[in-house]
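> Next up is a structure, given as structure tokens.
Every number in this text was worked out from the coordinates using simple rules, so none of it is lab data. From a predicted model like this one, the values you see are computed outputs, not experimental measurements. All Cβ positions, even for glycine, are placed from backbone atoms using ideal geometry, and neighbour counts span all protein chains on display.
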Amino acid sequence: MPGPVSSKARVYADANTVKSKEYWDYEAHVPSWSNQDDYQLVRKLGRGKYSEVFEAININSNDRVVVKILKPVKKKKIKREIKILENLRGGTNIIRLVDTVKDPVSRTPALVFEYINNTDFKDLYQRLTDFDIRFYLYELLKALDYSHSMGIMHRDVKPHNVMIDHQMRKLRLIDWGLAEFYHPAQEYNVRVASRSYKGPELLVDYQMYDYSLDMWSLGCMLASMIFQKEPFFHGQDNYDQLVRIAKVLGTEELFSYLNKYHIELDTRFKDLNRQLHLRWPKREHFQDFSVQF
């Protein structure tokens, strides 16, 4: 079988093509750094692979903010995240980058964001009504549509990266550390997104993916909200993940996709027999879940 066939996004394919190189060439970007002493850390909110996150106070304005202190990574990754956040600043439901600061001694960089009074999704999702689910998924779609229209894939959409202030009905899409600029037919790293939210293209090592990667992740979130199963697809590894997806959605479209783009399935998938779609429950079971925006 010949090598994989290139693909092109159905929407916003040329979003970066029509912009100047300065817009997407993050390696040439020179961030400006402010004084970290303007911010006083209050409490630790969490930590991830690439950062530690704190609630903080701007001592000049007394505003609550969130400070993301970055762990040692390649400079170009830091530049990419900052450039993307600056490009998306002011976008619908995109977390707002307030400032970029650096420790004068250690030179450790940190990003300062607006504060969102988030409710942990494991608690919140149990209490959401069908209207709440429609509302928040629509708000998330707005964020993704804006990002995609600006030529940017998030590549890590999951509940942990969707902050919701339920009292204020406010949603923000956060953590743009894995985000990337989309260029048609470019080969990207498939080691992005969390396993439970990885699209099939990542699981079969197809590198010329596009914005639709984010839409798959959103679909997984929607399913987990509706069926109260988090995560909805829970594989033990990437291979098991694809098998679990196929057992629910069938293999007909998967094999059609593989053939269309000349993707050769790894031999470890030899046990992936042809599966039929699981039948959906009768419509009356979901009569209240009519999407009306």
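> Dividing the Cα convex hull volume of the stretch 121-286 by residue count, how many Å³ per residue is that?
Taking only Cα atoms, the stretch 121-286 has a hull volume of 127 Å³ per residue.
> Rank-order 70-83, 109-122 by packing density, defined as the average count of other C-beta atoms within 10 Å over each peptide's residues, highest first.
109-122, 70-83
> For Thr108, list long-range residues whose amide hydrogen, built 1.01 Å from N in the peptide plane, is under 5 Å from its own amide hydrogen.
Those lying under 5 Å, H to H, from Thr108 are Asp103.
> Provide the descending list of Cα extents for the chain along its principal axes, expressed in whole angstroms.
Over the chain, Cα extents along the principal axes are 61, 46, 35 Å.
> Taking the mean number of other Cβ atoms within 10 Å as a proxy for protection, how do you rank 200-209, 60-69 from highest to lowest?
200-209, 60-69
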